[in-house]
């Protein structure tokens, strides 16, 4: 219940703080907008606000959010996975978009799949963007805290972005206490489409326990 209240407060805050700037932004840049909420019990989305992750601007926003979190809160040094980590993007992102975002983040980021979900994972849980303003919830693992059984604890951080000269910049951050905001469910990178008559699709190399993936690509 606390998580739902915080989410509603953040939506209202985002609307109020950029409402004035929105008038100028929409007149200059059109009415580009993205609203995504990973929590099905969160604030209902307007019928005309459909998630659209086809825009390169939006993909840059997703990549920038996880890059910010993974650079400031990296996986533990000396871990068996040698710094590799998985990224969990919003439902609806395509295979190609997943790979593009992972490539932008860095050479040790890989899309989450059943084979990579054991890696340290950074999640995107809430996305709001219109004009040159955006808010994103990014979740980072907190390895200094653990639950019984060794379950990883996650912390949500709301990043406040402003776009300047086609680049997103983090202007403000709002960290939340672990557990306040629900961690998004895993949305695995979609598998490659099976060709007609093929026995099984060929996927990219993925890590097994203690082994880092060789690459993130669609090459057979």
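Does residue 117 satisfy the criteria of being assigned to a loop (DSSP other than H, G, I, E, B) and within 11 Å of the chain's Cα centre (by Cα)?
On the way: assigned to a loop (DSSP other than H, G, I, E, B): yes; within 11 Å of the chain's Cα centre (by Cα): no.
No.
Scanning region 159-169 for residues that are at pLDDT 90 or above and either in a loop (DSSP other than H, G, I, E, B) or out of contact with any helix residue (DSSP H, G or I) (no Cβ under 6 Å at 6 or more places or on another chain) (or both) yields 160, 161, 162, 163, 169. Every listed requirement among (1) part of a helix (DSSP H, G or I); (2) out of contact with any strand residue (DSSP E or B) (no Cβ under 7 Å at 6 or more places or on another chain); (3) within 14 Å of residue 129 (Cα to Cα); (4) at pLDDT below 85 is met by residue 27 save one, (3). For region 138-152, which residues satisfy the criterion of being at pLDDT below 95 and under 17 Å from the mean Cα position of the chain (by Cα)? Correct list: 141, 142. Scanning region 120-134 for residues that are at pLDDT below 95 and assigned to a strand (DSSP E or B) gives 125, 126, 127, 128, 129, 130, 133, 134. Let me confirm something: among 145, 61, which residue is out of contact with any helix residue (DSSP H, G or I) (no Cβ under 7 Å at 6 or more places or on another chain), assigned to a strand (DSSP E or B) and over 15 Å from residue 186 (Cα atoms)? Only one candidate passes the filter, namely 145. When region 105-114 is limited to residues that are within 16 Å of the chain's Cα centre (by Cα) and touching a residue at least 40 places away in the same chain (Cβ under 8 Å), the one that is farthest from residue 152 (Cα to Cα) turns out to be 105. Within region 54-70, can you find the residues that are surrounded by fewer than 21 Cβ atoms within 10 Å (Cβ to Cβ) and either at pLDDT 95 or above or in contact with a strand residue (DSSP E or B) (Cβ under 9 Å, 6 or more places away or on another chain) (or both)? Result: 55, 57, 60, 67. Tell me the residue from 184, 220, 213 that is modelled with pLDDT under 90 and touching a strand residue (DSSP E or B) at 6+ places or on another chain (Cβ under 7 Å), please. Criteria check complete, one pass: 213.
The values are calculated or read from the model by the stated rules, or taken from the named source; none is laboratory data. Since the model is a prediction, treat every value here as computed from it, not as a measurement. Here Cβ is always computed from backbone atoms with ideal geometry, including for glycine, and neighbour counts include all displayed protein chains.
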